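The values are calculated or read from the model by the stated rules, or taken from the named source; none is laboratory data. Here the structure is a predicted model, which is why all the values come from computation and not from measurement. Neighbour counts run over all protein chains shown; Cβ positions are idealised from the backbone, glycine included. In case anyone asks, the SASA skips ligands and DNA or RNA and just uses the protein heavy atoms, side chains included. Shrake-Rupley method; radii C 1.70, N 1.55, O 1.52, S 1.80 Å.
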Amino acid sequence: MKKVILSMVFAALVAGGASAQTQPKTQATAPQEQAKNGPAITFEETEHNFGNITQGDVVEYTFKFKNTGTQPLVIDRVDVTCGCTTPNWTKEPVAPGKTGIVNAKFNSAGKLGQQKKAITIHSNAAAGDAYVYIVTDVKEKTAASAQKQ
């Protein structure tokens with residue numbers, strides 16, 4: 001009789017543990033559902049590599065995005081990791097299905113070696129903040145490279 005009771009208790013614990021593990025999946029999909037019903041920002045590309053540049057060069061890239069949501073997208077602000085990167089972005093609301101831009105200008109003065117700069121886009125997108133990156137390898141300015149300019 002004790003074996004039967006222990007077996008039933010064990011079975012109940014296993015069943016309870018299995019149902020507890022399936023609950024978070026439902027919660028995890030909830031934000032994805034919200035994204036379909038509000039503004040959504042989708043970039044054509046999230047990283048741009050400038051390759052090798054010379055110390056002191058200023059390079060610029062424009063990231064293009066589309067509002068793939070169902071409501072207008074508004075970018076509140078764009079943050080960068082240091083003063084060497086200057087952002088500019090579409091200021092007016094972007095209607096569903098329409099496009100906008102986030103531009104990043106990077107000044108390599110005082111930088112050397114591999115650089116990866118994160119650009120954080122704060123908006124009303126249902127999924128939260130978005131990130132794009134610029135990457136480059138800054139080479140030391142030499143007398144030969146100075147003469148080319």
Report, ordered by chain and residue number, the aspartates and glutamates lying within cross-link reach of Lys98, taken as a straight Cα distance under 18 Å and ignoring same-chain residues fewer than 8 apart. Glu44, Glu45, Asp76
Could you pull out every residue, at least 5 positions away or on a different chain, whose amide H is within less than 5 Å of the one on Trp89? Hs are placed 1.01 Å off N in the peptide plane, and Pro or chain starts have none. Asn103
Length added when fully stretched, Arg77-Glu140, from 0.36 nm per residue minus Cα-Cα: 19.4 nm
For a protection proxy built on the mean count of beta-carbon atoms within 10 angstrom, sort 107-118, 130-141 highest first, please. 130-141, 107-118
Note, ³J(HN,Hα) from phi for the stretch 99-110, Karplus 6.51, -1.76, 1.60, rounded to Hz, x at Gly and Pro: 10, x, 9, 10, 9, 10, 10, 10, 9, 8, 4, x
Which ³J(HN,Hα) values in Hz, rounded to whole numbers, follow from the phi angles of the stretch 44-56 under the Karplus curve 6.51 cos²θ - 1.76 cosθ + 1.60, where θ = phi - 60° and Gly and Pro get x? 4, 8, 10, 8, 10, 9, 7, x, 7, 10, 9, 3, x
Under-5 Å amide H pairs with Asn124, H placed in peptide plane, nonlocal only: Val74, Asp76
Accessible area of the stretch 59-127 divided out per residue, in Å², using a probe of 1.4 angstrom: 51 Å²
Once amide H atoms are placed 1.01 Å from N in the peptide plane, what residues at a sequence separation of 5 or more from Thr54, or on another chain, have their amide H within under 5 Å of its amide H? Lys139
³J(HN,Hα), Karplus 6.51/-1.76/1.60, whole Hz, each residue of the stretch 73-81, x for Gly, Pro: 9, 10, 8, 6, 6, 10, 9, 10, 7
Take the cross-link list Lys91/Lys116; Lys111/Lys141; Lys117/Lys139; Lys116/Lys139; Lys64/Lys91 and give me the ones stretching past 18 Å between alpha-carbons. Lys91/Lys116
